[in-house]
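In what follows, a structure is listed as structure tokens, so that the remarks can point back to it.
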Amino acid sequence: MSSGAEVRLGLRENLAQFSLLVAINAFVGAMVGLERSTLPLIGRESFGLTSSAAVLSFIVAFGLAKALTNLAAGATAERIGRRRLLIAGWAFALPVPLLVAVAPTWAWIVAANVLLGVNQGLAWSMTVVMKIDLVGPRRRGLALGLNEAAGYGGVAVAAALSGWLAGEFAPRDVLVVASTAVAVTGLVLSAAFARDTARHVALEQAAQSAESAGAPSLTEAFREASYADPALRACSQAGLVNNLNDALAWGLVPLFLAAHGASAAQIGLVAGLYPAVWGAGQIGTGHWSDRVGRKPLIVAGMLVQGAALALLAASGGDVGLAACSAVGLGAGTALVYPTLIAAISDAVAPVARASAVGVYRFWRDMGYVAGGLVAGVLADAIDFSAAIAVVAAATTASGLWVALDLPTRPRVTERLA
């Protein structure tokens with residue numbers, strides 16, 4: 001877009017840039033998906049790790065790096081621009097396959113996942129915020145549904161393909177070659193074709209009787225989104241618990257199924273089903289939340305996730321039951337994931353959006369840290385099923401928290417009528 005071009009809000013009005021960001025986010029998701037069915041197995045087979053907590057240490061490192069990067073990205077996006085942070089995110093992805101390829105110890109793999117966390121925190125955060133900037137408030141849920149559908153569609157395809165290829169080739173080789181191709185493609189698309197959205201933010205802000213003259217400080221945004229504002233507080237805790245159970249699905253479920261005799265291809269199927277349902281479902285759920293409101297979908301989604309995890313805990317490692325659980329977990333997450341970010345965006349002014357989303361995504365991705373620690377320690381101390389059952393209970397409790405704490409806001413279509 002040239003500097004003199006007219007700026008308009010809307011999905012149809014910004015279709016080219018919106019579609020490009022959808023494609024870029026599919027590559028962002030693929031970077032993580034490649035690890036979902038391979039890296040836990042690499043830890044056991046290539047590095048001889050026997051402790052679940054040790055294997056899941058890469059998720060803890062990934063989650064902490066991503067959470068802190070989300071926080072920094074939200075605070076700096078208004079100052080240095082969304083596009084620059086998007087490109088920087090892909091630059092951090094480039095060393096990841098090299099570190100995995102030459103790693104002599106598991107610590108190198110953990111270090112690679114720190115860089116992957118920075119990549120995800122910058123690149124995914126910016127595709128989210130840039131899409132919200134482009135479409136304006138009326139189609140916000142749909143925009144987020146499409147964004148997350150693309151990202152987790154990328155996760156699903158990469159997880160399933162890498163699991164299948166790991167049955168034919170060395171899992172480490174599969175991960176290195178595929179992640180190199182994804183990182184280079186994502187960087188080229190972002191640097192060559194993505195455009196910044198600062199003018200769209202200014203247009204939306206000017207159309208409102210803004211209560212805030214400028215973006216809030218990081219301290220102010222952190223306080224509001226962490227505990228002071230009921231809507232932001234409820235969403236932040238739900239996001240944390242959602243990613244706590246995602247960490248379990250990512251790191252523990254492959255080990256759980258392998259311990260009961262599942263093949264690499266079967267593990268890849270289960271690992272791919274969950275984000276596939278999650279990704280595809282978000283197109284509809286994001287748009288649905290624009291019409292019926294955010295709260296009903298968030299509460300229902302957390303409760304469905306809790307039920308799916310309870311089924312997995314009781315499955316005894318049966319692949320068929322695990323696949324059913326993966327479908328349920330994906331459906332519940334599809335209800336929750338785009339809706340939470342839309343609810344955050346509803347509750348703040350446009351100039352505060354990047355900071356509020358950044359704090360929310362900080363707490364959400366701290367769920368990876370909590371999940372990696374809780375699941376790993378409990379699996380070692382008791383067993384896999386007990387660890388999954390504890391996370392199922394926490395997910396159900398989170399849904400009840402949202403039901404009690406999240407204010408019921410008018411539907412978007414009512415507010416803009």
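Each Lys and Arg Cβ is given +1 and each Asp and Glu Cβ -1; about its Cα centre, the stretch 1-129 then shows a dipole of about 180 debye.
Farthest towards the positive end of the charge dipole of the chain, among the residues VAL351, ALA181, TRP401, is the Cα of VAL351, using unit charges on the Cβ of Lys, Arg, Asp and Glu.
Within the stretch 86-105, find all residues whose amide N lies under 12 Å from a label point positioned 7 Å from the Cα of ALA170 along Cα-to-beta-carbon. Under cut-off, by backbone N: 101-104. Can you bin the stretch 274-417 into rounded, prolate or oblate? Criterion: square roots of the alpha carbon gyration tensor eigenvalues sorted a ≥ b ≥ c, rounded for a/c under 1.5, prolate for a/b above b/c, oblate for the rest. Judged from the Cα gyration tensor, the stretch 274-417 comes out prolate (a/c at least 1.5, a/b above b/c).
Ordering SER51, GLY10, THR76 by Cα displacement along the dipole of the chain toward the positive end leaves GLY10 in first place; charges were set at the Cβ atoms of Lys, Arg (+1) and Asp, Glu (-1).
Per residue, the convex hull spanned by the Cα atoms of the stretch 302-349 measures out at 54 cubic angstrom. Rounded, prolate or oblate, given the Cα gyration tensor of the stretch 48-100, with a/c below 1.5 counting as rounded? Oblate, because a/c is 1.5 or more while a/b does not exceed b/c. Taking the 1.4 Å solvent-accessible surface of the stretch 54-175 as the whole, the part contributed by carbon and sulfur is 72%. The residues of the stretch 308-417 have, on average, 33 Å² of accessible surface per residue, using a 1.4 Å probe with all protein chains present.
Rounded, prolate or oblate for the stretch 290-373? Axes are the square roots of the Cα gyration tensor eigenvalues, ordered a ≥ b ≥ c, and the cut-off for rounded is a/c under 1.5.
Verdict is oblate for the stretch 290-373.
For the stretch 243-372, relative contact order (Cα pairs under 8 Å, six or more residues apart, normalised by length) works out to 39 percent. By the combined test of axial Cα extent (at least 24 Å) and Kyte-Doolittle hydropathy (mean at least 0.0), the qualifying DSSP H helices of the chain come to 15-36, 57-80, 106-135, 140-166, 171-193, 230-247, 264-292, 295-313, 319-346, 353-381, 384-405. Measuring nothing but protein heavy atoms, the accessible surface of the stretch 229-307 at 1.4 Å probe radius is 72 percent carbon and sulfur.
Using the 1.4 Å probe convention, the accessible area of the stretch 165-256 works out to 42 Å² per residue with neighbouring protein chains retained.
The values are calculated or read from the model by the stated rules, or taken from the named source; none is laboratory data. Remember, it's a predicted structure, so these values are computed and weren't measured experimentally. Note that each Cβ is placed from the backbone with ideal geometry, even for glycine, and that neighbours are counted across all protein chains shown. Each accessible area value is taken on the protein alone, full model and side chains, heavy atoms only, with ligands, DNA and RNA left out. Shrake-Rupley method; radii C 1.70, N 1.55, O 1.52, S 1.80 Å.
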